[in-house]
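K.L.:
Below is one structure. I have some questions about it.
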Amino acid sequence: MKLKAHHDLDIGNHALFAALTDATRWERAAMRKGVEVLRIDGGDELAAGAVWQVTGLVRGKLRSGQLKLRMVEEPSHLLFDFESPMFTGVFVTRLFEMSARRTRVALEVEVRPRTLAARIVLQGARLGRQKLEGRFHARAGVVLRDLVGQLRGG
């Protein structure tokens, strides 16, 4: 199942890419939401091959998974793989410079089931796909606008 969203932001491409690749910022943000994040590849820099173990509550149950940065193309492309006991998938972020101070962000998530139970969960999600895509688009917009606000100091 694929979900897509895109947002136009009033910020330069390079500044936005630098913020999106600030791993420490995202680790702290996840921890503030109650998610345990552990970098297991031992590095500090965000480069291809970076791996995180992520554990947190999802719909009332403790879930864990692994997130791996597969590709970084500065200043326009990030590709992550994720894996959990029930699902695998890919998360792609693309940045398109529209002008010196305006950037379009295109987000895409593809989720694939690993088990029969996961297949049933995804089938249910497909039935409510339009609502799910709307929530994904809205939540991505909130996160991106908050990020831009932080970068501007407000």
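K.L.:
Could you say whether any residue in region 11-32 is modelled with pLDDT of 90 or more and under 23 Å from Ala118 (Cα atoms)?
P.N.:
Looking through region 11-32, none of the residues is modelled with pLDDT of 90 or more and under 23 Å from Ala118 (Cα atoms).
K.L.:
Inside region 100-135, can you point out the residues that are over 16 Å from Lys2 (Cβ atoms), loosely packed, with under 15 Cβ neighbours inside 10 Å and among the aliphatic types (A, V, I, L, M)?
P.N.:
Within region 100-135, Ala100, Leu116, Ala117, Ile120 meet the criteria.
K.L.:
May I pose another question? Looking at this structure, is Phe87 out of contact with any helix residue (DSSP H, G or I) (no Cβ under 8 Å at 6 or more places or on another chain) and either hydrophobic (A, V, I, L, M, F, W, C) or crowded, with 17+ Cβ neighbours inside 10 Å (or both)? Can you show your working first?
P.N.:
On the way: out of contact with any helix residue (DSSP H, G or I) (no Cβ under 8 Å at 6 or more places or on another chain): no; either hydrophobic (A, V, I, L, M, F, W, C) or crowded, with 17+ Cβ neighbours inside 10 Å (or both): yes.
No: the conditions fail for Phe87.
K.L.:
Can you tell me which residue among Ala5, Ala19, Ala48, Ala15 is within 14 Å of the chain's Cα centre (by Cα) and not in a strand (DSSP E or B)? Steps first, please.
P.N.:
Working: Ala5 fails: not in a strand (DSSP E or B); Ala48 fails: within 14 Å of the chain's Cα centre (by Cα); Ala15 fails: within 14 Å of the chain's Cα centre (by Cα).
Going through Ala5, Ala19, Ala48, Ala15 in turn, just one is within 14 Å of the chain's Cα centre (by Cα) and not in a strand (DSSP E or B): Ala19.
K.L.:
Something else about it: Could you check Lys61 against (1) over 30 Å from Arg119 (Cα atoms); (2) without any contact (Cβ under 8 Å) to a residue 12 or more places away in the chain; (3) not β-branched (Val, Ile, Thr) and say which number it fails?
P.N.:
(1)
K.L.:
In addition: Pick out the one residue from Glu110, Glu74 that is in contact (Cβ under 8 Å) with a residue 40 or more places away in the chain, of a type outside the set (A, V, I, L, M) and closer than 24 Å to Arg129 by Cα.
P.N.:
Numbers: Glu74 fails: closer than 24 Å to Arg129 by Cα.
Being in contact (Cβ under 8 Å) with a residue 40 or more places away in the chain, of a type outside the set (A, V, I, L, M) and closer than 24 Å to Arg129 by Cα holds for just one of Glu110, Glu74, which is Glu110.
K.L.:
Every residue in region 111-146 that is in contact with a Ser or Thr (Cβ under 9 Å, 6 or more places away or on another chain) and either assigned to a loop (DSSP other than H, G, I, E, B) or closer than 30 Å to Pro75 by Cβ (or both), please.
P.N.:
Val111, Arg112, Arg114
K.L.:
Identify, please: which residue in region 64-76 is surrounded by 14 or more Cβ atoms within 10 Å (Cβ to Cβ) and over 19 Å from Arg112 (Cβ atoms) and is, among those, farthest from the chain's Cα centre (by Cα)?
P.N.:
Among those residues, the one meeting the criterion is Pro75.
K.L.:
Another one. Please find, among Ala117, Ala140, Ala125, the residue that is touching a helix residue (DSSP H, G or I) at 6+ places or on another chain (Cβ under 7 Å), closer than 23 Å to Ser84 by Cβ and touching a residue at least 12 places away in the same chain (Cβ under 8 Å). Can you show your working first?
P.N.:
Details: Ala117 fails: touching a helix residue (DSSP H, G or I) at 6+ places or on another chain (Cβ under 7 Å); Ala140 fails: touching a helix residue (DSSP H, G or I) at 6+ places or on another chain (Cβ under 7 Å).
Being touching a helix residue (DSSP H, G or I) at 6+ places or on another chain (Cβ under 7 Å), closer than 23 Å to Ser84 by Cβ and touching a residue at least 12 places away in the same chain (Cβ under 8 Å) holds for just one of Ala117, Ala140, Ala125, which is Ala125.
K.L.:
Can you tell me which residue is nearest to Glu83 (Cα to Cα) among those in region 31-52 that are surrounded by 15 or more Cβ atoms within 10 Å (Cβ to Cβ) and of a type in the set (A, V, I, L, M)?
P.N.:
Selected residue: Val51.
K.L.:
Continuing with the same structure: Out of the residues in region 136-154 meeting the condition of being surrounded by fewer than 12 Cβ atoms within 10 Å (Cβ to Cβ) and basic (Lys, Arg), tell me which one is nearest to Arg25 (Cα to Cα).
P.N.:
Among those residues, the one meeting the criterion is Arg152.
K.L.:
A follow-up question, please. Is it the case that Leu38 is of a type in the set (A, V, I, L, M, F, W, C), farther than 23 Å from Pro113 by Cα and assigned to a strand (DSSP E or B)? Before the answer, list the steps.
P.N.:
Details: of a type in the set (A, V, I, L, M, F, W, C): yes; farther than 23 Å from Pro113 by Cα: yes; assigned to a strand (DSSP E or B): yes.
When the stated conditions are applied, Leu38 passes them.
K.L.:
Additional query: With the checklist (1) surrounded by fewer than 15 Cβ atoms within 10 Å (Cβ to Cβ); (2) within 21 Å of Leu20 (Cα to Cα); (3) of a type in the set (A, V, I, L, M, F, W, C) in hand, flag the one item Val58 doesn't pass.
P.N.:
Of the numbered conditions (1) surrounded by fewer than 15 Cβ atoms within 10 Å (Cβ to Cβ); (2) within 21 Å of Leu20 (Cα to Cα); (3) of a type in the set (A, V, I, L, M, F, W, C), the odd one out for Val58 is (2).
The values are calculated or read from the model by the stated rules, or taken from the named source; none is laboratory data. The structure presented is a predicted model; accordingly, all values stated were derived computationally and were not measured. For neighbour counting, all protein chains shown are included, and Cβ atoms are generated from backbone atoms with ideal geometry for every residue, glycine included.
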